[in-house]
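The values are calculated or read from the model by the stated rules, or taken from the named source; none is laboratory data. Just so it is clear, the model here is predicted, and its values are computed rather than measured. Here the Cβ positions follow ideal geometry from the backbone for every residue, glycine too, while neighbour counts run over all protein chains shown. Side chains included, ligands, DNA and RNA excluded: accessible areas come from the protein's heavy atoms. Shrake-Rupley method; radii C 1.70, N 1.55, O 1.52, S 1.80 Å.
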Amino acid sequence: MLMAPSHHVAAALCRANTIAPVVSALRIGLYALPAALHPHSSRGSSVTASHVASNTADRAFSAAAGEAAAGEADIGGGPLAGVRVLDLGQVIAGNYAGALLGYFGAEVIKVEPPRRGDAIRSLRTLDETGTALWWRAHGRNKKCITVDLHKEEGREIVRKLSTKVDVILENFRPGVMEKWGLGPSDLDPSLVYTRISGYGQTGPQASMPGYASVCEGVGGLRYINGYKDRPPVRPNISLGDTLAGLHAAFGTVMALLHQQKPGRKAEGQVVDSAITESVFNMLESCITEYAMAGIERQPSGSTISGVVPSGTFRTADEHYVIIGGNGDSVYTRLMAAVGRPEMGADNPLYANNSERCEREAEIMGVIEAWVAGKRMDEVLAIMKEARVPSGPIYSVKDIYMDPQFRARGMIQRAAPPEGGEEVVMPALLPVLTRTPGSTKWAGAALGHHTEEVLQKELGMGADEIARLRSDGVI
């Protein structure tokens, strides 16, 4: 029952981009790089030959910048080696949770509907095979099988596979798994049964469908994000889904840890992760402040209310920098650096954050005017000298080329197990020094491991597998 994946595919691929010179000048070393076109991602767009024209130069850069090869630091298969997961998750939240578990060593068997597969396979930018690059990242390290859960024979396959694993992961609408006879009470009670939904498995809204776009609003994120005089703002990512997947993976590991206690191995439990509550969990002190002091936090643009000074400022060369000087000593150094030492924390008018909040407009105005008169590289150099936290606002291209991210192994690469072009993808986190995670292979083709899993796990013969395929069960 306990078996870690052995497949390992690692090589080098890196698509180059020029980084903004003003950012490069602040980093450790400059690289001569060919430019590559990176169109804006959109549903159904595809990668063309122009995106891979400079592979040779990119490989050289990857080595120089320290891009981590997939799995090269893997020690003992990761902390979850030996854990087995049956992943029935879908699209973003479920796939991200499964990816996290697989990255850190769990063997993940990913179940998808025959023929069409998981919806994430066709979202946003597609590779030359018509498969989403998003899937290649979120499907990493998973053994992919196809099973039609709408057919009883398909559900029976899942029931049998559930006896071979430690964890079930799913994010169907609450009640669907029970309708199929695959709910927690239908399966082995020792399983860790991890569920992701919009609103949780209980409560008056449990049965409602939940997308991150809606649940981020219900969970409070959209209300405090943006500007008071404009509609609430959505970050251009599915943050609620990813947070729900992260909470689901965290809860799974805690449930597995509980089973390590003496006499608790047979104690499974349900891990109930809701998108709304995963966002709610990020609200810091907002609930307490409202309940105890009647203060309802409002959107504050590029600043954070109640903390002064902290904000985004425009430079003379039309870049934006973030400066945070809210600690007393840091604040004093900041005001000295911008030429106003008399406004430091030794002045009773600015002695602590409460006093500074009363004079927010004055303080922020001084910093804004100072930054507006200097180039970004000048601002950041002066802030660095003064030991004041500051930095540029990076685009994805800037992150991709940044030596710090490269040195930390944040850019990884691997090929799909069926072969084909290697895929560059971000590392998954956190970084562990003794038992790090790794990318062993990119998301596999639909059903790539179906025969392998059915043969090895359920002892099915070739004739039975052929019959199930002919009947549309797999």
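For segment 217-356, just list the percent of Cα-Cα distances falling in each 5 Å bin from zero outward, please.
2, 8, 11, 13, 13, 13, 12, 10, 7, 5, 3, 2, 1, 0
Mean separation of Cα pairs under 8 Å and 6+ residues apart, divided by the residue count of segment 239-329: what relative contact order is that in percent?
Values: 70 pairs, mean separation 16.4, N = 91.
Relative contact order for segment 239-329 comes out at 18 percent.
Output wanted: per-residue J couplings in Hz (rounded whole) for segment 206-211, from phi through Karplus 6.51 cos²θ - 1.76 cosθ + 1.60, θ = phi - 60°, x for Gly and Pro.
Coupling constants for segment 206-211: 4, 7, 6, x, x, 9 Hz.
Around Thr194, which amide H atoms from residues at least 5 apart in sequence, or from another chain, sit under 5 Å from its own amide H, with H modelled in the peptide plane?
Ile168, Leu169, Glu170, Val271
Amide H of Val423 versus every other amide H placed in the peptide plane: which residues, excluding those fewer than 5 positions away on the same chain, fall under 5 Å?
Residues meeting the criterion, in which the H sits 1.01 Å from N, are Ala414, Ala415.
Using only the alpha-carbon atoms of segment 400-442, report the extent along each of the three principal axes, biggest first, to the nearest angstrom.
30, 26, 11
Leaving ligands, DNA and RNA out of it, report the carbon-plus-sulfur percent of the accessible area of segment 377-474 at a 1.4 Å probe.
Values: 2490 of 4670 Å².
Carbon and sulfur together cover 53 percent of it.
Per-residue accessible area for Phe250 at 1.4 Å probe radius, Å² rounded to 10?
120
Which value, in Å² and to the nearest 10, is the accessible area of Ile92 when all protein chains are kept and the probe is 1.4 Å?
Rounded to the nearest 10, that gives 10 Å².
Do you know the relative contact order of segment 320-474, to the nearest whole percent, from alpha carbon pairs under 8 angstrom that are 6+ apart?
On the way: 141 pairs, mean separation 26.0, N = 155.
Relative CO of segment 320-474 lands at 17 percent.
Indicate the gyration tensor shape class of segment 220-272 (rounded, prolate or oblate), computed on the Cα atoms with a ≥ b ≥ c the square roots of the eigenvalues: a/c under 1.5 is rounded; otherwise a/b larger than b/c is prolate and the rest oblate. Can you show the working numbers first?
Values: a/c = 5.59, a/b = 4.26, b/c = 1.31.
The shape class here is prolate.
What shape does segment 376-474 have by the C-alpha gyration tensor, where a ≥ b ≥ c are the square roots of the eigenvalues, rounded means a/c under 1.5, and otherwise prolate means a/b greater than b/c and oblate the rest? Intermediate results must be reported in sequence, preceding the final value.
Values: a/c = 4.71, a/b = 3.30, b/c = 1.43.
Prolate is the answer for segment 376-474, as a/c is 1.5 or above and a/b outweighs b/c.
Working from the alpha-carbon coordinates of segment 112-252, get Rg over Rh, Rh being the Kirkwood radius.
Values: Rg = 17.4 Å, Rh = 17.3 Å.
Radius of gyration over Kirkwood radius for segment 112-252 works out to 1.00.
Projecting each Cα onto the charge dipole of segment 294-369 (Lys/Arg +1, Asp/Glu -1 at the beta carbon, about the Cα centre), which of Thr315, Met343, Gly365 comes out farthest on the positive side?
Looking along the dipole axis, the top candidate is Thr315.
Any chance you could look up the accessible area of Ser197 with a 1.4 Å probe, heavy atoms only, rounded to 10 Å²?
10
Take the alpha carbon gyration tensor of segment 274-429, find the square roots of its eigenvalues, order them as a ≥ b ≥ c, and report rounded if a/c is under 1.5; if not, report prolate when a/b exceeds b/c, else oblate. Don't jump to the answer; show the numbers that get you there.
On the way: a/c = 2.81, a/b = 1.42, b/c = 1.98.
Judged from the Cα gyration tensor, segment 274-429 comes out oblate (a/c at least 1.5, b/c at or above a/b).
Of Lys110/Lys179; Lys110/Lys164; Lys265/Lys440; Lys143/Lys164; Lys110/Lys265; Lys160/Lys440, which sit over 18 Å apart, Cα to Cα? Mind showing how you got there, number by number?
Working: Lys110/Lys179 21 Å; Lys110/Lys164 14 Å; Lys265/Lys440 29 Å; Lys143/Lys164 14 Å; Lys110/Lys265 24 Å; Lys160/Lys440 27 Å.
Over 18 Å Cα-Cα: Lys110/Lys179; Lys265/Lys440; Lys110/Lys265; Lys160/Lys440.
How would you rank 160-166, 356-362, highest first, on the average number of other Cβ atoms within 10 Å across their residues? Present the calculation step by step, with values, prior to reporting the outcome.
Details: 160-166: 18.0, 356-362: 14.9.
Top to bottom by mean Cβ count within 10 Å: 160-166, 356-362.
Quick check: net charge around Ile237, other residues with Cβ under 13 Å of its Cβ, Lys/Arg +1 and Asp/Glu -1?
So the environment of Ile237 carries a net charge of 0.
Around Ile145, what is the net charge, scoring Lys/Arg as +1 and Asp/Glu as -1 over all other residues with Cβ under 9 Å from its Cβ?
Values: positive: Lys110, Lys143; negative: Glu112, Glu451, Glu452.
Result for the local shell: -1.
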